[in-house]
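Student: Below you will find the structure I want to go over with you.
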Amino acid sequence: MSTLGQAKTKRLLAVHGWSGTVLGLLLYVCVFTGSIVVFEDEIDTWAQGIVEHHDTLGARVDHHFRVAARDVDRRYYEDVQIFRLPDGNMQYLFHTHETDAETGRIVEPTVHITVDGESGVVVDRWEGLRGERPPAPGSALRDFWVDLHVQLYLPNPYGLILVGALGLMMMAAAISGILIHKHLFRDAFVSARNRTRLVGARDLHVLAGSWGLPFALILAFTGAFFGFAGPVGVPMMAQAAFKGDRQALIETVVGVPEEVDMTAAPLASLDYIIADAENRSSGEIQFIQITNYDSADAKVRLRVSPPVGELAPVVLGYEGVTRAFEGEKPIFGQSPSFGASVFGIIGPLHFGNFAGLVSKTVWLGMGLAMAFVTASGLLLWTKRREDEPLWRGFRRVVMLAVWGVPFAMLVSAVVFFVTLPAGDPHVWTPMGFLLGVVIAVTLALRGQVMVERLRIANASLCLTLPLLRHLTGGSSWSEALIGGGLEILVIDILLILTGLALLHKARKTSHEPQPSAVQEPAE
């Protein structure tokens, strides 16, 4: 039970309210989209119509890799990554580090080679600077939704910094919410009263917020870390401790690279190393990294998914030439440390992928609950100030965002499927989102039944997407069942059920008396 005085409680209420109001709409967008992209891999499979999903590296990795590597210049052997794509093809990334003569910055010339997973035949080859390779058309929807969450589709690094600030704001709202609750455990079991009145909306806000507080703190901290670590944290640390020398910072944290013996020496069998790693770990091998390939000091690192009961993935190290097992390696740095352990679990805690579909489903549910807490908090805050015209208008903007963001995302999916066969979906998918925003605003400006209009619009798109996906060349349900592509079937069914539920709600609402101004927050 809180023992804070009335004055302090009042100030905390102000902090709690304003931390959720200032940039609150962007926080809602970030939290809602983050909840959806927890299933980014499944969404990508659904969007591309991949029936047969491949999670393991498969057979004959060693032979196919060596054949592909013969046509790559040795200067790219400094660092090599091997992983399997969802469609079954194998991806090889060869890259090195060089100093750009004009800018003086470190650049990474890269060779991307994609080969057929069964035959080893090269199906695609690209050479250029790392990060400049044109993305695959089929991944446009997944890429846009992820970018919308990670950077709010703003230029780098400004989007990351803004999202990091939203994470800090979410932490402020969560911590002040804990201090404000006089009966936190009792509120966690509160029974919502009349949901058509303001008190019912408050009960639902308190109930969802009470259960979601630990989750909110986890998401806020990890989100702030990812937002600030690269664009803000590293430069600040370099400036404060190393007078701006980032290379000195990296060498201190990661370690000074040892002198490498580049004498040519054949790499041990990757098939043997993979088999040995599978015997040592219960997880699945996610990718392989080879440093100084085809040299006497070659090293092989295999990243393995977290074992049962653990959060962080495991990295197994091998000597490249002798194939001797070197033991587990830290995710970050050269030797095990507390910092490396923390760094290893931040990603799984934020993405919710440490226990497969089970943890992802929990993260989806809790994320949507946090989106509801954000939206309902904004509505409650504006409801108490509805006597002021500015706050009445802001409350309408909140309702537009709550229903308009999902609608715009659905419109972007429609545009993605329409443009995938004939155009560049990476260009048109974001345009589809902007089109959805324009349509949502137009519906909002036409009359007082904005929520009902947007609810029906969302329902219509949910029911349309499965059919549109199939008509534009996507796999059928029978093909998905036979091939094991259950992601396609499950997402289609979820869209249909969501659409039917929204239509039922709209039909039920249309038969009820029009809600008064006091009743609107329950929406």
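The values are calculated or read from the model by the stated rules, or taken from the named source; none is laboratory data. These numbers were taken from a predicted model, which means no experiment stands behind them. With ideal geometry, Cβ positions are generated from the backbone for all residues, glycine too; neighbour counts draw on all protein chains shown.
Student: Please tell me if Val37 is farther than 19 Å from Lys299 by Cα and surrounded by 15 or more Cβ atoms within 10 Å (Cβ to Cβ). Even if it seems obvious, please write down each step before you answer.
Tutor: Values: farther than 19 Å from Lys299 by Cα: yes; surrounded by 15 or more Cβ atoms within 10 Å (Cβ to Cβ): yes.
Spelling it out, Val37 is indeed farther than 19 Å from Lys299 by Cα and surrounded by 15 or more Cβ atoms within 10 Å (Cβ to Cβ).
Student: Just name the residue that is surrounded by the most Cβ atoms within 10 Å (Cβ to Cβ) out of those in the range 95-112 that are touching a Pro at 6+ places or on another chain (Cβ under 9 Å) and touching a residue at least 12 places away in the same chain (Cβ under 8 Å). Outline the logic, then answer.
Tutor: Our first condition is that a residue be touching a Pro at 6+ places or on another chain (Cβ under 9 Å); within the range 95-112, this holds for 95-98.
Still in the list and also touching a residue at least 12 places away in the same chain (Cβ under 8 Å): 95-97.
Values: His95: 20, Thr96: 17, His97: 11.
Checking each candidate, the answer is His95.
Student: Looking at the range 412-435, can you tell me whether even one residue there is within 27 Å of Gly473 (Cα to Cα), buried (at least 20 other Cβ atoms within 10 Å of the Cβ) and out of contact with any Ser or Thr (no Cβ under 9 Å at 6 or more places or on another chain)?
Tutor: Scanning the range 412-435 turns up no residue that is within 27 Å of Gly473 (Cα to Cα), buried (at least 20 other Cβ atoms within 10 Å of the Cβ) and out of contact with any Ser or Thr (no Cβ under 9 Å at 6 or more places or on another chain).
Student: Still on this structure, I have one more. Going through the range 450-481 one residue at a time, which ones are aliphatic (A, V, I, L, M) and either touching a residue at least 60 places away in the same chain (Cβ under 8 Å) or touching a Cys at 6+ places or on another chain (Cβ under 9 Å) (or both)?
Tutor: Val451, Ala480
Student: Might you check whether a residue that is on the phi < 0 side of the Ramachandran plot, modelled with pLDDT under 95 and either touching a strand residue (DSSP E or B) at 6+ places or on another chain (Cβ under 7 Å) or aromatic (Phe, Trp, Tyr) (or both) occurs anywhere in the range 130-145?
Tutor: Taking every residue of the range 130-145 in turn, at least one turns out to be on the phi < 0 side of the Ramachandran plot, modelled with pLDDT under 95 and either touching a strand residue (DSSP E or B) at 6+ places or on another chain (Cβ under 7 Å) or aromatic (Phe, Trp, Tyr) (or both).
Student: Which of the residues spanning the range 347-362 are outside any helix (DSSP H, G or I) and small (Gly, Ala, Ser)?
Tutor: Gly352, Ala355
Student: Would you say Met370 is hydrophobic (A, V, I, L, M, F, W, C), under 19 Å from the mean Cα position of the chain (by Cα) and farther than 26 Å from Glu278 by Cβ? Write out each step before concluding.
Tutor: Working: hydrophobic (A, V, I, L, M, F, W, C): yes; under 19 Å from the mean Cα position of the chain (by Cα): yes; farther than 26 Å from Glu278 by Cβ: yes.
Yes; evaluated as a whole, the condition is true for this residue.
Student: Then there's this: Which one of these does Ile456 not meet: (1) modelled with pLDDT of 90 or more; (2) under 26 Å from the mean Cα position of the chain (by Cα); (3) aliphatic (A, V, I, L, M)?
Tutor: It is condition (2) that Ile456 fails.
Student: Okay, next question. Being under 30 Å from Pro307 (Cβ atoms) and at pLDDT 90 or above: is that true of Thr429 here?
Tutor: Details: under 30 Å from Pro307 (Cβ atoms): no; at pLDDT 90 or above: yes.
So Thr429 fails the test.
Student: With respect to Gly20, determine if the residue is at pLDDT below 95, closer than 19 Å to Leu93 by Cα and either surrounded by fewer than 20 Cβ atoms within 10 Å (Cβ to Cβ) or in contact with a Leu (Cβ under 7 Å, 6 or more places away or on another chain) (or both).
Tutor: On the way: at pLDDT below 95: yes; closer than 19 Å to Leu93 by Cα: no; either surrounded by fewer than 20 Cβ atoms within 10 Å (Cβ to Cβ) or in contact with a Leu (Cβ under 7 Å, 6 or more places away or on another chain) (or both): yes.
No: the conditions fail for Gly20.
Student: Quick check on this structure: which one of Gly227, Gly233 is over 30 Å from Met90 (Cα atoms) and either in contact with a Phe, Trp or Tyr (Cβ under 6 Å, 6 or more places away or on another chain) or at pLDDT below 80 (or both)? First the steps, then the outcome.
Tutor: Working: Gly227 fails: either in contact with a Phe, Trp or Tyr (Cβ under 6 Å, 6 or more places away or on another chain) or at pLDDT below 80 (or both).
None of the other options fit; the residue is Gly233.
Student: Then there is this: Using the structure shown, decide if Ala268 is of a type in the set (Gly, Ala, Ser), assigned to a helix (DSSP H, G or I) and either at negative phi or in contact with a Leu (Cβ under 9 Å, 6 or more places away or on another chain) (or both). I'd like the intermediate steps shown before the answer.
Tutor: On the way: of a type in the set (Gly, Ala, Ser): yes; assigned to a helix (DSSP H, G or I): no; either at negative phi or in contact with a Leu (Cβ under 9 Å, 6 or more places away or on another chain) (or both): yes.
Considered against the rule, which asks whether it is of a type in the set (Gly, Ala, Ser), assigned to a helix (DSSP H, G or I) and either at negative phi or in contact with a Leu (Cβ under 9 Å, 6 or more places away or on another chain) (or both), Ala268 comes out as no.
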